[in-house]
Amino acid sequence: MSTLIAYASKYGFTKTCAEHLAKKLGDQVELCDLGSNQPDLKKYDKVIIGGSIYAGKIRKPVTRFCSENLKDLAEKKLGLFICGMAKEEDAKKQLEASFPRELLSAAAAAKESLGGECNYDKMNFLEKFIMKKITGSSQSQTHIAEDNITRFASQMK
Ligand SMILES: Cc1cc2nc3c(=O)[nH]c(=O)nc-3n(C[C@H](O)[C@H](O)[C@H](O)COP(=O)(O)O)c2cc1C
């Protein structure tokens, strides 16, 4: 059984999480950056979709991919994840708002926030301003939700 991890990332943190998850899943896992590629879903039994959150919304390539492939995706064993600085209940709400109802309810075997990174070196002026407001800090920080990644991987196996 082969697994696809299709993701969209702006500054690379979601890509890092996708690669980390791929290692935990083991063999026959392929990664696809939805920002530059479109996968052929026929090749996979399991599909994991993830993206980072900006101003409450998941990256556009994820939204597009889900809506264009809704029917095919609903027939797979599905995992959905987000990356962002929000935690617990806020992260849960963001996840529920990020994917179509049809995928969240029936099909998804795993749903998690895998963590977030705030790297001021990579951001433009406006983004730095917004992130200082959100996090209340001007220090860069990285949070990889290791337990959530482990749980996600075991639910997808
Ligand atoms: C301008 C801006 C807005 C953001 N808005 C949110 C948000 O609404 N919710 C959240 O959880 N994280 C938010 N974040 C944090 C990003 O989701 C986080 O940095 C994420 O790890 C980025 O992943 P990426 O490098 O894969 O794009 C925001 C970050 C920036 C720079």
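The values are calculated or read from the model by the stated rules, or taken from the named source; none is laboratory data. Keep in mind that what you see is a predicted model, and the values were worked out from it rather than measured. Counting neighbours? That spans all protein chains shown, and the Cβs are built from the backbone with ideal geometry, glycine included.
Looking only at region 1-54, which residues are under 11 Å from the mean Cα position of the chain (by Cα) and of a type in the set (Ser, Thr, Tyr)?
The answer is Tyr7, Ser9, Thr14, Thr16, Ser52.
Under the condition of being aromatic (Phe, Trp, Tyr) and within 13 Å of the ligand (Cβ to nearest atom), which residue from region 1-48 is surrounded by the most Cβ atoms within 10 Å (Cβ to Cβ)?
Tyr7
Can you pull out every residue in region 93-142 that is closer than 23 Å to Met156 by Cβ, surrounded by fewer than 17 Cβ atoms within 10 Å (Cβ to Cβ) and modelled with pLDDT of 95 or more?
Lys93, Glu96, Ala97, Pro100
Quickly run through region 87-128 and pick out the residues that are hydrophobic (A, V, I, L, M, F, W, C) and either under 17 Å from Lys10 (Cα atoms) or in a strand (DSSP E or B) (or both).
Ala108, Ala109, Ala110, Leu114, Cys118, Met123, Phe125, Leu126
If the requirement is being free of Cβ contacts under 8 Å to residues at least 40 places away in the same chain, of a type outside the set (D, E, K, R) and in contact with a Leu (Cβ under 7 Å, 6 or more places away or on another chain), which of these qualifies: Leu126, Leu78?
On inspection, the qualifying residue turns out to be Leu78.
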